[in-house]
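Just below is one structure, and these are the notes that go with it.
Rule-based calculations on the coordinates, nothing more; no lab input. Because the structure is a prediction, the values reported are computed rather than measured. So basically every Cβ, Gly included, is an ideal-geometry build from the backbone, and we count neighbours across all protein chains shown.
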Amino acid sequence: MRIGIDLGGSKIEAVALAADNSERLRRRVATPQGDYLGTLDAITRLINQIETELDCSASIGIGIPGAISALTGRIKNANSTCLIGQALDQDLQKRLSRPVRIANDADCFALSEASDGAAAGAPTVFGVIVGTGVGGGLVINGELLSGANRIAGEWGHNPLPWAGDDDLAMPCYCGLRGCIETYLSGPGLCHHYEQAGGQPLTRVEELVQRAEQSEPLARRLLERYYEWLAKGLAGVINVLDPAVIVLGGGLSNMRPLYTEVPARWQRYVFSDRVDTRLLPARHGDSSGVRGAAWLWPHSHSGFSSSR
């Protein structure tokens, strides 16, 4: 049995996968806000409840909004700031008396979709999250690539390639300007719309609705979004040349992306044709938590199916 945990800013979700990858149990609790010790308690309690109900001892994988620093062994780059500087894996290992594997939530998304999702069987897969932020993960021949600095796939903090004079470079929370995330994230897209004179938005779905109602500015902004995403992903293709790119996150639900973006990226990719496929996630919002479970392979020994 494998348990995956998706540690989010507002919720902690857990799933138990059987050997055939079928879902045996799923649980969700609220994330204790700004409370690191409370978060440890909530995760431990969730795992104990699942193992008691299923009468098993499972491997544990956790997806987090950040990464473990290769320098310090502690969490870095987390938007859940109470995690930053904490030895999350070591603290949980002490509480659970077993090894724990931790990866970035976008890496878990990519691993899930490459393992038994939309890109199953593809030799190279780039998993992309476009939502509140922009992240990514890279899976090669079924293996997650974390990189020397534990930041493989962080394409959202590269500058938008081939930016035009009218592509206003917004400041990014990382301290730089013009990062891909400031164009392609939900907040970034809303900000560009409002900067262009649009009425304030509470969520990006409102922009899509306005475009469907033929509001000229909303339609122009969505056209620019398709172009921005095509440019950003073309840069990824030129470096990694993946067989499949899988989209997840809230903005991935915009169906036109899967025709409009491939139609536009050809001019930016250094090839006479582009065979990379752009696909929506098969497991949707469940990919992150499933990918956390996938951090442990089936072949791992040491955990029994029953107590």
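Distances between placed amide hydrogens fall under 5 Å for Thr124 paired with Asn141, Ala243, Val244, all partners being 5 or more residues away or on another chain.
What the Cβ-Cβ distance of Phe270 and Asn149 gives, at R0 = 25 Å and to the nearest 0.05, is a FRET efficiency of 0.45. Full extension of the chain between Arg26 and Ala120 gives 31.6 nm of extra length, using 0.36 nm per residue less the Cα-Cα distance. Between the amide H of Cys179 and those of Cys172, distances stay under 5 Å, these residues lying 5 or more places away or on another chain, with hydrogens modeled in the peptide plane. Our Cα-only numbers for region 2-107 put the radius of gyration and Dmax at 13.1, 39 Å.
Taking only C-alpha pairs under 8 Å that are 6+ residues apart, what is the relative contact order of region 118-281 in percent? Could the numbers behind the result be given before it?
Values: 259 pairs, mean separation 43.3, N = 164.
The value is 26 percent.
Considering helices alone, the calculated mean residue ellipticity of the chain at 222 nm is -10500 deg cm²/dmol, with DSSP H runs of length four and up weighted by -39500 (n - 2.57) and normalised per residue. Ordering 86-93, 108-115, 145-152 by mean Cβ neighbour count within 10 Å, with the highest value first, yields 108-115, 86-93, 145-152.
Among residues other than Ala70 with Cβ under 10 Å from its Cβ, the summed charge is +2 (Lys and Arg +1, Asp and Glu -1). With θ taken as phi - 60° and the Karplus curve 6.51 cos²θ - 1.76 cosθ + 1.60 applied, the whole-hertz 3J(HN,Hα) list for region 102-111 is 10, 9, 4, 5, 5, 4, 5, 4, 4, 5 Hz, x standing for glycine and proline.
Net charge of the neighbourhood of Ser59, taken over other residues with C-beta under 10 Å away and scored Lys/Arg +1, Asp/Glu -1, is +3. Placing a pseudo-label 7 Å from each Cα along the Cα-to-Cβ vector at Thr52 and Ser97 gives an inter-label distance of 1.6 nm.
Using the average count of surrounding beta-carbon atoms within 10 Å as a protection proxy, the listed peptides 187-193, 101-107 rank, highest first, as 101-107, 187-193. The string of couplings for region 45-53 from the Karplus curve (6.51, -1.76, 1.60, θ = phi - 60°) is 4, 4, 5, 4, 5, 5, 5, 5, 5 Hz, one whole number per residue in order, with x for Gly and Pro.
Using the Karplus relation 6.51 cos²θ - 1.76 cosθ + 1.60 with θ = phi - 60°, the per-residue 3J(HN,Hα) values for region 169-177 come to 7, 8, x, 10, 4, 6, x, 9, 10 Hz, with x marking Gly and Pro. For the peptides 282-293, 250-261, 31-42, the ranking by packing is 282-293, 250-261, 31-42, with the highest mean count of neighbouring Cβ atoms within 10 Å listed first.
Can you give the relative contact order of the chain as a percent, counting alpha carbon pairs under 8 Å and 6+ residues apart?
Details: 618 pairs, mean separation 69.2, N = 307.
Contact order relative to length: 23 percent.
Sort out for me the Cα centre separation of region 144-203 from region 35-71, rounded to whole Å. Each part's Cα centre sits 31 Å from the other's. Per-residue extension of 0.36 nm, minus the Cα-Cα distance of Asn253 and Gln213, leaves a gain of 12.6 nm for this segment.
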